[in-house]
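Got a structure for you, questions after.
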Amino acid sequence: MYLSTVSRPVADQPGSGPRRRRFTMVSGNVVALGTVSLITDVSAEMVAAVLPLYLVLGLHLSPVAFGVLDGVHTGATALLRVVGGFAADRFRRRKLIAGVGYALSAVAKLGLLLAGRSIPAIGAVIAVDRIGKGVRSAPRDALITLSTPPEALGRAFGVHRAMDSVGAFLGPLAAFAVLLVVGQSYDAVFVTSFCVATLAVVVLVLFVREQPDGEAANGEAANGETNDLKVSVREAFGLLRVGPARRLVLAAAMLGLATIGDGFVYLLLQRRMDLGLRWFPLLAVGTSLAYLLLAAPLGVLADRIGRLPVVIGGYTALGATYLLLAGPVDGWPLIALALTLYGAFYAATDGVLIALAGPVLPARLRTTGIALVQTGQALAYLVSSVLFGLAWQAWGPENAIRAAAVAVAGVLVGTLLLLVSPSRLTTRKVPR
Amino acid sequence: MTAMSTRAKLGVVVASAVLLGTVAAGYAATAAQAPRTPPTAGGEQAVTLAPGPRLLAITDRHVSTVAATDPAGPRTVAGLECLRVYAAAGTGVCLKPETAWSYEVVVLDATLRQTRAVSVPGLPNRARVSASGRMVSWTTFVGGDSYTSSGFSTRTGILDTRTGTAVASLEEFAITRDGRGYRNADVNYWGVTFTADDNRFYATMATGGERYLVRGDLAARTVETLKENVECPSLSPDGTRLAFKEAVDADPAKGWRLSVLDLSSMRVTATAETRSVDDQAAWLGNGKLAYTLRRDDGQPDVWSVPADGSGTPTLVIPGAESPSPLT
């Protein structure tokens, strides 16, 4: 398995058909997982939309004290993600582990009701929700890769991520609808959110398959699954000794270093624009909209021209976003351009990177591998956001964002050096 | 799971959706609060902000007044809904619901008539009026941009009711920290209190995990730090002391002690109130502080304690919050 396999897949892919046709070309399992993600995101974003209202106006808690609790769990979540990924591989129960993750988050919604005004209890409930989210994403993405022929992975992830974003879009609307009907009862929002999340688990149990039909198409996967030996911890660690896999995890972590976080991007945009503060939340909506619309087309593009170029393009869009934030464009063109580019960055990298990683990782260790990629990115982002905060303090916002743009360029060069060897660049052969 | 036909699976999904929908709807039906009947405005006497021996407070989300001599006695409640209120010299500020999920800062005249409104982001937290009634300030909490992003930030704004000029957020002001210029993306302000000149003010500034008392200059658009671990300052009518909440062991997670800072000696005196006070206290004259405490079920009460560290806390207005003297 060579990285060139994924960066330059089979050329005769029909991918530019009309939307409907494209949709039918992802496997049933991917559509099922997308549906589960869509419903779950409705549930999650319902709670996200009203949680501040609930804490401050419902419980009269001081958010400042609440913030102190926050951020402690990031490390634990990162570790659990890898442990969950390994368990999914070892027992070949990716669906089960993903289901546990979805169920944990569902239960957390009810936990908010039981936590009452206790800050530690609320902190614990949010931690459970976050653990659920951390645990489920790697096995879910692994199932997508195992249900899809390698040459169609970009499209599969694109469709999945687009469905996911639709859910995130509908969630706040659902929450506000509930509040409109019941008045100020945040409890009713949590119970509704729990019911929605439970429905997602039902769909997962009934429609998501552990052994997808399409798996036979993936020769390597079939080999892996017929092997009766269980994945050992040693083997999992060995993953990082295999050249391509290690390079990929390293590259993912390095790419993570290029992201400074939505909070900073929107803050800079708001400062540049002197945007009315109350419109601030709409910046995230604009980005999601671009992400939603671009995820599937860019996934298809990744299958046609190669995933690495699309990922590189995505990070180029990120660098361009940073430059815009320090650049000469102003006013509404700035907002429109910046949010489109920022959404394009997500659309070109979030799913496509996993589509790039999937075939490089052996099927029997795929969940662990994807968990490592995601964890590496998350931890790197943690580092880079702190560094950006320090740069802001030392050099001021404009210079800090220019430095971030330079960092993106550096990270891109590093990624290219890691993932593309010169010989493959020239031959462009696809060993299959 | 034995093989089920797709039709059977869909049937189970639809049945689950109906069942779960019924659960949600049933819960919502029982949880839905009966629409609050807004207390009728007026009555025998209407709520007014004109200076007098009365206390202003929020009762069940509505503006109300009580007699200063009998604060637990008869209460006059207006139809105006506010989450936080304050008044001085016949000018009031009210953080008022605009829709179910947005709020506005409303400036009121003595008859509770709205003279100005400013839309603000986030959730109401603090509100103040300068002693002259000219300057108005507010603080709101703005949530993180997602469920998992960290914490909250605050926005604090100031409005000059005479000129109409507004500062949407103090974050634009130049900062001097410990004598040196300072900037950071994580700077947050809350809890403004004005001095008698209607230009200088005190407030809390948080950055890098520390919370500072700052003195600000509106005309110069600057703030400078004076002391650490001072939150929600409230200047005494004589301008010599600041009541504030001091985080226990400098850790807000451990709660706050209501304390008083003498501005000439910079000495801190803790009040006799040992329960955690998360409020910007109001001065009742130069000797006493009023503040909100919540019972275990979240219901508020207004309490009072001497500012010099003596005495014991006393319950002033049961079932009310956001106290303000009408001076």
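The values are calculated or read from the model by the stated rules, or taken from the named source; none is laboratory data. If you're wondering where the values come from, they're calculated on a predicted model, not measured in any experiment. Cβ: placed from backbone, ideal geometry, glycine included. Neighbour counts: every protein chain shown.
Do we have any residue at all in region A:129-144 that's farther than 16 Å from residue A:36 by Cα, touching an Asp or Glu at 6+ places or on another chain (Cβ under 9 Å) and touching a residue at least 40 places away in the same chain (Cβ under 8 Å)?
Among the residues of region A:129-144, not one is farther than 16 Å from residue A:36 by Cα, touching an Asp or Glu at 6+ places or on another chain (Cβ under 9 Å) and touching a residue at least 40 places away in the same chain (Cβ under 8 Å), which makes the answer no.
Can you tell me which residues in region B:276-299 are at negative phi and away from chain A (no Cβ under 14 Å)?
B:281, B:282, B:283, B:284, B:286, B:287, B:288, B:289, B:290
To keep it simple, each residue is scored yes or no on (1) at pLDDT below 95; (2) over 28 Å from residue B:285 (Cβ atoms); (3) within 14 Å of chain A (Cβ to nearest Cβ).
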{"site": "B:75", "(1), (2), (3)": "yes, no, no"}
{"site": "B:80", "(1), (2), (3)": "yes, no, no"}
{"site": "B:86", "(1), (2), (3)": "no, no, no"}
{"site": "B:92", "(1), (2), (3)": "no, no, no"}
{"site": "B:101", "(1), (2), (3)": "yes, yes, yes"}
{"site": "B:104", "(1), (2), (3)": "yes, yes, yes"}
{"site": "B:107", "(1), (2), (3)": "no, no, no"}
{"site": "B:111", "(1), (2), (3)": "yes, no, no"}
{"site": "B:119", "(1), (2), (3)": "yes, yes, yes"}
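Any residue at all in region A:328-336 that is at pLDDT below 90, buried (at least 17 other Cβ atoms within 10 Å of the Cβ), under 26 Å from residue A:170 (Cβ atoms) and within 13 Å of chain B (Cβ to nearest Cβ)?
Scanning region A:328-336 turns up no residue that is at pLDDT below 90, buried (at least 17 other Cβ atoms within 10 Å of the Cβ), under 26 Å from residue A:170 (Cβ atoms) and within 13 Å of chain B (Cβ to nearest Cβ).
Go through (1) part of a helix (DSSP H, G or I); (2) more than 14 Å from chain B (Cβ to nearest Cβ) and name the single condition residue A:382 misses.
Among (1) part of a helix (DSSP H, G or I); (2) more than 14 Å from chain B (Cβ to nearest Cβ), the lone unmet condition for residue A:382 is (2).
Here's another thing I want to ask about it. Please work out if residue A:113 is modelled with pLDDT under 90, of a type in the set (A, V, I, L, M, F, W, C) and assigned by TED's automatic domain parsing to the domain that holds residue A:56.
Yes; evaluated as a whole, the condition is true for this residue.
Here are some conditions: (1) within 11 Å of chain B (Cβ to nearest Cβ); (2) farther than 20 Å from residue A:358 by Cβ; (3) surrounded by fewer than 24 Cβ atoms within 10 Å (Cβ to Cβ). Residue A:104 meets all but one. Which one does it not meet?
(1)
Only one of (1) closer than 26 Å to residue A:95 by Cα; (2) hydrophobic (A, V, I, L, M, F, W, C); (3) at pLDDT below 85 fails for residue A:180. Which number is that?
(1)
Only residues that are under 18 Å from residue B:223 (Cα atoms), among the small types (Gly, Ala, Ser) and away from chain A (no Cβ under 14 Å): list them for region B:160-181, please.
B:179
Related question: Can you tell me how many residues in region A:147-191 are under 23 Å from residue A:98 (Cβ atoms) and of a type in the set (Ser, Thr, Tyr)?
3
Considering only region A:135-153, I want to know if a residue exists there that is farther than 20 Å from residue A:94 by Cα and part of a helix (DSSP H, G or I).
Within region A:135-153, one or more residues are farther than 20 Å from residue A:94 by Cα and part of a helix (DSSP H, G or I).
Then there's this: Out of A:283, A:289, A:294, A:324, report the one residue that is within 14 Å of chain B (Cβ to nearest Cβ), part of a helix (DSSP H, G or I) and on the phi < 0 side of the Ramachandran plot.
None of the others qualify; the one that does is A:283.
Here's another thing I want to ask about it. With respect to residue A:196, determine if the residue is at pLDDT 85 or above and β-branched (Val, Ile, Thr).
It is true that residue A:196 is at pLDDT 85 or above and β-branched (Val, Ile, Thr).
Looking only at region B:299-316, how many residues end up being farther than 12 Å from residue B:258 by Cβ, within 19 Å of the chain's Cα centre (by Cα) and not in a loop (DSSP other than H, G, I, E, B)?
Looking only at that region, the number is 4.
Turning to a different aspect of this structure: Just wondering, is there one or more residues in region B:279-286 that are over 30 Å from residue A:121 (Cα atoms) and part of a loop (DSSP other than H, G, I, E, B)?
Checking region B:279-286: at least one residue is over 30 Å from residue A:121 (Cα atoms) and part of a loop (DSSP other than H, G, I, E, B).
Could you pull out the residue among A:311, A:265, A:352 that is in contact with a Ser or Thr (Cβ under 6 Å, 6 or more places away or on another chain) and either outside the structural domain of residue A:372 (by TED's automatic domain parsing) or in a helix (DSSP H, G or I) (or both)?
On inspection, the qualifying residue turns out to be A:311.
Where residues in region A:356-408 are within 15 Å of the chain's Cα centre (by Cα) and polar (S, T, N, Q), which of them is surrounded by the fewest Cβ atoms within 10 Å (Cβ to Cβ)?
Of everything passing the filter in region A:356-408, A:377 is surrounded by the fewest Cβ atoms within 10 Å (Cβ to Cβ).
Moving on to the next point. Of all the residues that make up region A:187-203, how many are more than 7 Å from chain B (Cβ to nearest Cβ) and crowded, with 24+ Cβ neighbours inside 10 Å?
Number satisfying all stated conditions: 7.
Same structure again: Looking only at region B:6-28, count every residue that is more than 44 Å from the chain's Cα centre (by Cα) and hydrophobic (A, V, I, L, M, F, W, C) and tell me the total.
So the count comes out to 6.
Out of (1) crowded, with 20+ Cβ neighbours inside 10 Å; (2) not in a strand (DSSP E or B), what's the single condition that is false for residue B:103?
All conditions are met except number (2).
Can you name every residue in region B:245-283 that is closer than 21 Å to residue B:128 by Cα and touching a residue at least 40 places away in the same chain (Cβ under 8 Å)?
Correct list: B:258, B:260, B:261, B:279, B:280, B:281, B:282, B:283.
Here's something else I'd like to know. Which condition does residue A:60 not pass, out of (1) modelled with pLDDT of 55 or more; (2) out of contact with any Lys or Arg (no Cβ under 6 Å at 6 or more places or on another chain); (3) at positive phi, if it passes all the others?
If we test residue A:60 against (1) modelled with pLDDT of 55 or more; (2) out of contact with any Lys or Arg (no Cβ under 6 Å at 6 or more places or on another chain); (3) at positive phi, just (2) comes out false.
Just to be sure before I move on: is residue B:203 outside any strand (DSSP E or B), over 15 Å from residue B:252 (Cβ atoms) and not aromatic (Phe, Trp, Tyr) in the structure I sent?
no
Return yes or no: is residue B:265 hydroxyl-bearing (Ser, Thr, Tyr) and under 23 Å from residue B:189 (Cβ atoms)?
Against the criterion (hydroxyl-bearing (Ser, Thr, Tyr) and under 23 Å from residue B:189 (Cβ atoms)), residue B:265 does not qualify.
Condition check ((1) in contact with a Gly (Cβ under 6 Å, 6 or more places away or on another chain); (2) closer than 25 Å to residue B:139 by Cβ) across all residues:
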{"site": "B:272", "(1), (2)": "yes, no"}
{"site": "B:277", "(1), (2)": "no, yes"}
{"site": "B:281", "(1), (2)": "no, yes"}
{"site": "B:290", "(1), (2)": "no, yes"}
{"site": "B:294", "(1), (2)": "no, yes"}
{"site": "B:297", "(1), (2)": "no, no"}
{"site": "B:303", "(1), (2)": "no, yes"}
